[in-house]
Amino acid sequence: MKKLASDLIDDIQQRYAGVPFLALGQTVFWDEPTKAVWRRILDEKAPESVMITGVHDTDYFAKLSTQLHTEEKYAIVPHDDGATRDLWSAAGELSALFGSESIPTRQMFLDRGVPFDWLTKHGPGSKASRYAALTSAWGWRGLVRTDQHNIVAGDIPAVEIANAIMRLLDWGFAESLNCIDDPAGRDHANALVAKVRGWITEFMEDCSDSCRLTDLYETLLPRFYELLLGHRPANVETTASTELFRFNTDTAASPRFRLLNAFLNPVTRPIACRSYNLAVRRSGIYELDEFGIGAIPFDLVVPQLGRGTIFVRTGRILAQLGGNDPVEIVRGNIQTVEALAAAIESKFGRRAAIVGKAVVLPDMIGAEHLVLFHETASGYTGLTRKFNKGLAAAGIELDLYPIVRITYPTWDALAAIPPSTTFTLPDHLAIALGNRHISAPDFAAGWRDAAQAQSKILGDSHSLGKLRDLLTYLDSHDPRREAIANFEALIGGPLVTAEESPHDPGPSKARPCWCDLLLDYERALTFLRENAEKSMTLRDRIEEHQSEQRMWQKERIEFERRMGDDWRANVLPLVHKAAAAEGAEAADIDAKIQRQMAIRSTAFEEPLTILRERIASTKTMIASFRRERRRLERNGEALQARAIIARITREAQAARLMLVRNAYLAVDGLTHTHLRPTAWWFPLVDSGGAWFDSMVAGTTAEFEFIWEPSDHS
């Protein structure tokens, strides 16, 4: 149950006094230093409490599966649903003010009734460029390493990446400054930008080739805390996961490695593996066998060699370092963490680390710390709880502290800033809030209603199946048709060109409203319907004559059959007799043949001639009707009407896409940044610290138990 963070600290003092708090994050430039909020509250309620803040540097540094055409070793990339769909850049990501890694995906558009594939099929530039422009997250960039690598973040040399970090910060600061309206606020923000850049420059001046990205982040972490708190914090220790999870003969007995015993002991290993597999089944996370025979949910991290799964097999232990083939650590039956530590230390030295995979990592850090997680952070803890429940059912009990979930009132807290602080909002937020320029208190008062209204747009869009309904809806939500201009600005050119639609005269006004386009649509549709009725009348006449033609052709075939039968029955025998007869007999047979031919002419040839004439005449009429039908369907007016409908349809669907895109960016972006704001936004926007102070006062927190103790009270 959530309560004010200060009240939860009272509970912690009663139940978990002396237990250190742990705050781990992969970068210092995003939300991690915002946990200075917790330090501020601790200073008021329990100043002696220790808070460990650290850099989670044992994950792989970001990369892309697609090839980037650049000579730079580190590239700054946006995140979209196209070329960078599989991007994961936690060690080098940055959000500008109001920015968020909220990606309006193709599937999101389809779910809201937007014909995304049809809209992106044609237009200026390549399909990939249009796809990326329409699905990019706003105000977010990530650093990726462009070569094929399996390097953990802790192995990245600081001198190698420093320039890329500076470029990333310059982008983020510039985008943020564009959102700050008042001159005094911009002056202060520029001074802060210079200060942060100065910290990095100062670090790099004293940095040797042995300095790592981790060293830079560990240096910056306390400075960001100081920036937010207004003073250098006491009882704050800085660490990194490479240090926290260092695994050697001195650290093996630490409670954080206790769970590892369950996977090494041959008695408990089957139970632990089964509990893990059942917990992650159908979650999208690999079961252990999918990593390979004998895999356990722990990775070995060795400096400069990388990170990879540990395998416990009969008579030996292996690790798949750096994504390569498994490397043998030791031969023999290792059954305890102490024995494994001795083997790893002997093989790789004392600086190796063992890190649990996502589901078991909370158990490792929760064995010794009260772990601080932001709301929405670490989405695997539900699976961790399920895993722990399976262990407990089999008699394997864990001694863990609860996670502390922190919930910030980020945007609400802007109400504490003076109205002189004003913002210039990006398009999607300007539309949502109804104003491009807005004061901080007005933003605080309006953002929730704005998000709710934009959520309704997302819900409404799916139900707008008919173009008439869509045009009517657009008339009330985009009366000046700005969505079309915004769509064209995104894709870098006109939505429909004259070459693509040569028969379309275009709008009669410079920027007609959607109501005018609805009238144009109705007129064009009415014309085509009337045209279609005429065409259908002609089609009916064609089908009627085709039916007659088929009937007469059938009669002709029947007459020709009977004529043939008559020839064979009444004429051909006489012809054969005439060939053998002479004199009077021959003359008599010839007379009979002439009588039969006269009868045949009347009975067969004359009716056949009439049928053939009817068939030929009908063919002529059908061809004439077909020509008339083609003329109706392909005349200039019809082509123009179809072109008008096609243009209006395309414009309306493009406008729908922009409404949905802006609504999604506003709703998802505001929601996520409200819960996980970037730390440096606070001093950038508010030099007096009122925003941060107000957020501290309104922060709530709750225990999240990842096991099932008998009593949570």
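Quick notes
- The stretch 206-247: chymotrypsin sites (Phe, Trp or Tyr not before Pro) in DSSP coil with no more than 10 other Cβ atoms inside 10 Å: none
- Label point distance in nm, R539-T314, each placed 7 Å from Cα along Cα→Cβ: 7.4 nm
- Between L572 and R612, the FRET efficiency from the beta-carbon distance, with R0 = 35 Å, is close to 0.90.
- Largest accessible area first, the listed residues S455, S439 line up as S455, S439 when surface is computed with a 1.4 Å probe on the assembled protein chains.
- In the chain, the DSSP beta bridges split such that about 70 percent are antiparallel, to the nearest 5.
- Separation of alpha-carbon centers, the stretch 253-296 and the stretch 190-251, rounded to whole Å: 34 Å
- R0 of 30 Å, Cβ-Cβ distance N178-D449: FRET efficiency to nearest 0.05: 0.75
- Applying the criteria of a DSSP loop state and at most 10 other Cβ atoms within 10 Å to the GluC sites (Glu not before Pro) of the stretch 208-256 yields no site.
- Pairs of Cα atoms nearer than 8 Å and 6+ residues apart set the relative contact order; for the stretch 319-424 it is 22 percent.
- In a DSSP loop and with at most 12 other Cβ atoms within 10 Å, the GluC sites (Glu not before Pro) in the stretch 566-629 are E582.
- Backbone N under 15 Å from the E708 label point (7 Å along Cα→Cβ), restricted to the stretch 363-383: 382-383
- Accessible surface of the chain [probe 1.4 Å, protein heavy atoms]: carbon and sulfur percent: 51 percent
- Estimated 222 nm signal from helices in the chain, with DSSP H stretches of n ≥ 4 weighted -39500 (n - 2.57), rounded to 500: -17000 deg cm²/dmol
- Taking a ≥ b ≥ c as the square roots of the eigenvalues of the Cα gyration tensor, an a/c ratio of 1.5 or more together with a/b larger than b/c marks the chain as prolate.
- The chain: angle of helix 514-566 to the longest principal axis, Cα-based, in degrees nearest 10: 40 degrees
- Centre-to-centre, using Cα atoms only, the stretch 115-177 and the stretch 539-593 are separated by 85 Å.
- Annotation: W88 carries an accessible surface of approximately 130 Å², with a 1.4 Å probe and no ligand, DNA or RNA atoms counted.
- Cβ-derived FRET efficiency at R0 41 Å, R274 paired with N435, nearest 0.05: 0.10
- C-alpha long axis of helix 183-205 to longest principal axis of the chain, angle in °: 70 degrees
- Value of relative contact order over the chain, rounded to a whole percent, pairs C-alpha under 8 Å and six or more apart: 20 percent
- In degrees, nearest ten, helix 482-491 long axis to first principal axis of the chain (Cα): 80 degrees
- Scanning the chain for trypsin sites (Lys or Arg not before Pro) in DSSP loops with at most 10 neighbouring Cβ atoms within 10 Å leaves 510-713 as the longest stretch between them.
- For the chain, the solvent-accessible area of protein heavy atoms averages 45 Å² per residue (probe radius 1.4 Å; ligands and nucleic acids excluded).
The values are calculated or read from the model by the stated rules, or taken from the named source; none is laboratory data. Just so you know, these numbers come straight off a predicted model, no measurement behind them. Note: ideal-geometry Cβ built from the backbone for every residue, glycine included; neighbour counts use all protein chains shown. Side chains are part of the model used for accessible areas, which takes the heavy atoms of the whole protein and leaves out ligands, DNA and RNA. Shrake-Rupley method; radii C 1.70, N 1.55, O 1.52, S 1.80 Å.
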